[in-house]
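Written below as C-alpha cells is the structure these notes are about.
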Amino acid sequence: MSIKKLIEVIVFDLGGVIVNVNFKSPLGVLFDNSGAPGNTIRDDSNISKLTRQYDKGEISARDFHERIIEHLGIELSFDEFRRASNEAIEPGDSGMDNLVKTLSTKYQLAILSNTNPVHFEHIKENYPIIGLFEHISVSFEIGAIKPDAEAYEKLMLATSKSPSQHLFIDDRIENISAAREIGMDGIHYKSIEGLKAELIKMGIDV
C-alpha cells in the first residue's frame, strides 16, 4: 500500500519560473545557464568559471564586473554594468503571482535559486511577490549551486523539513533530477498552465 507524501513546503526557482531572464538583453548572455547550444560566451571557460564564482558568492559584484570587462575588453562602469545586468530580468508568466498567492495560504513557500547579488536585489525591489516566501536560499548567500546536493541540503536546514515534505519547481530538468535523487518531489516548469495541471494531479488546490 502506497503512502501519499505530505507536502508542506513548495520550493520555487527564481529565473525561468518566478521571473524570466532575457538572454538576448545586453548582458543577459552572461547569466544564461539554460544549456542551450550555440551560446559562445557561456562556452568560454573563463566566463563560466567567473559566473560560477559570482553566483556562489566567492567574488563580489564589483570583482565580477572588473574581471568581466577586462576579459571581454570593454569599457563599462559598475553602474552601467548593474543596469545592463538587470535589463535581463523580466516579469514571469502571466498568472504566476496569483498562483503563488494562492499557494501561500496553505503551504510554506521557499526559493532555491542560482543567482547573484545584483539580480536578487533588483528582484526584491521590483517584484513584491518575493515577500510571500518564508524561506529564501539563494546561491550567493548559501555558497552552493544547483544541481549540487549541498544546495538542497542547505534549503532543508532552513525549512527543518524532510526531503519528502518538499515539492521543488524548476525550469531545468537537471535541477529537478537532483532534487528527486535526495527524495523531493519535483515539477519541471514549462508553462503556468502545465504547472497548474501538475499541481492538481498531486492534489494541490490552485
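Every number in this text was worked out from the coordinates using simple rules, so none of it is lab data. As the structure is a prediction and not an experimental result, all values here were calculated from the model. Cβ sites come from the backbone with ideal geometry, for glycine too, and all protein chains shown count toward neighbours.
Below is a table of values for the structure above.
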| read-out | value |
| --- | --- |
| Set Lys124/Lys196; Lys106/Lys201; Lys56/Lys101; Lys124/Lys161 screened for pairs whose C-alpha atoms are more than 20 Å apart | Lys124/Lys196; Lys56/Lys101; Lys124/Lys161 |
| Relative contact order computed over the stretch 75-206 (Cα-Cα under 8 Å; 6+ residues apart), in percent | 20 |
| Segments 120-130, 49-59 sorted - mean Cβ within 10 Å per residue, highest first | 49-59, 120-130 |
| Rounded to whole Å, sorted largest first: equivalent-ellipsoid semi-axes of the chain, Cα gyration tensor | 31, 17, 15 |
| Cα gyration tensor shape of the stretch 105-175, rounded if a/c is under 1.5, else prolate or oblate by comparing a/b with b/c | oblate |
| Modelled label reach - Asn22, point 7 Å along Cα→Cβ, the stretch 57-91 residues with backbone N closer than 14 Å | 83-91 |
| Gained length - Ala149 relative to His71, 0.36 nm times residue gap less alpha-carbon distance | 25.0 nm |
